[in-house]
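Data block below; observations after.
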Amino acid sequence: MPTSWNYSVDPILGSQLAYRVGGLGKSVVLLHGFGTTSATWMPCVAALPAKYRYFMPDLPGHGRSTRDRSATDPVQHSLDIFTAFLNSLAADQYILVGHSLGGLLVLLALLNDSIAARTSALVLVDVPAFPQALPKVIRFFRARVWSSVLSSLLPSRTLVYLAQREVFAQPSRIPTFLIDEYTASLRAHGTIRSLQRLAAALSDWAASPPPLHLDRIRVPTLIVWGSHDELVPPESGQALHAAIPGSTLSVFPRTGHAPQEECPEDFAAVFSRFLSEVA
């Protein structure tokens, strides 16, 4: 499925959000996680039904979106920008899909009544919805001096590859083009600083997470998890499944933190079946 780049500028916050868009039909919004970009969805998008219109934003501080140093709380800033983006869509309803941090932001966005009213279904992929130990990549960027020194000594491509080895259960599956995409994002001016600030803010949020009111979710929800996720344990997927009424849990064997990257064909098949059920 061909996709093109578009840009949305929030008139109040002044941030530019870059997003890929492709397909025609009911809107599906897919949000990536910490340190990656909208490219995370590209391995599976080609196998998804073309009768939907897919919106894939780059979060603030990632990919082609703005690196904003003025935000005092980068997590809240990302949520505000994402919410503004959803409100800008002409669609009466949409399906929301979030991976990792993107899934957490989706759940936080649902606390907004207008967003919840327009959301017809959810797909949550390896989402840190409960208190847990911080993943290594977050701890790395939270240590500002250490991450700054290593980022200046090691090639960006090496840092990206090391991070992806933590994500994939089978590193031989890491696509070269994703390494290229994430390396380009990391090399962009201001990215390291943005990730450091976001990691620090995520540490604060993890220490005192806001209530997500998962039991109030009443739309069809698919939860996808990797059986060998070392960043967000599979037990969290079971807990999320138990907390959201009527949800469906699909666990991918021998898969790490990003099923949409590690086994894109299988992920697309499960996702497509879910779309057909909620259409």
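Taken together, the values in this text are just the output of simple stated rules run on the coordinates, not laboratory data. Since this is a predicted model, take the numbers as computed values, not measurements. In this analysis, Cβ positions are derived from the backbone assuming ideal geometry, glycine residues included, and neighbour counts consider all displayed protein chains.
Things worth noting here:
- Highest GNM mean-square fluctuation among Leu134, Leu122, Leu107, for the chain modelled with Cα contacts below 10 Å: Leu134.
- Per-residue Cβ neighbour counts within 10 Å put Tyr161, Tyr52 in the sequence Tyr161, Tyr52, beginning with the fewest.
- Alpha-carbon centroids, the stretch 47-99 and the stretch 193-260: separation in whole Å: 18 Å
- Computed over the chain: relative contact order in percent, which uses C-alpha pairs under 8 Å that are six or more apart: 20 percent
- For the pair Arg173 and Thr248, label points projected 7 Å from Cα toward Cβ lie 2.0 nm apart.
- Near Tyr52: Cβ cut-off under 15 Å, other residues only, Lys/Arg at +1 and Asp/Glu at -1. The net charge is +3.
- Packing order of peptides 170-176, 196-202, 109-115, highest average first: 196-202, 109-115, 170-176 (average count of other Cβ atoms within 10 Å over each peptide's residues).
- Two tests apply to each whole DSSP H helix in the chain, Cα reach of 15 Å or more along its axis and mean Kyte-Doolittle hydropathy of at least -0.5, and the ones passing both are 74-88, 156-167, 176-187, 191-207, 264-278.
- With a simple spin-label model that places each label point 7 Å from the Cα along the Cα-to-Cβ direction, the separation between Ala206 and Ala50 comes to 4.3 nm.
- Counting DSSP beta bridges with both ends in the stretch 4-278, the antiparallel % (nearest 5): 30 percent
- Working note: Cα atoms of the stretch 82-232, range along each principal axis, descending, whole Å: 48, 32, 31.
- Charge context of Trp205, other residues only, Cβ under 14 angstrom, K/R +1, D/E -1: 0
- Residues of the stretch 14-42 with amide N under 14 Å of a point placed 7 Å along Cα→Cβ from Glu166: 34-36
- The chain: most fluctuating residue of His189, His257, His77 per GNM, C-alpha cutoff 10 Å: His189
- Candidates Ser208, Ser194, Ser151, ranked by Gaussian network fluctuation over the chain, Cα under 10 Å, top entry: Ser208
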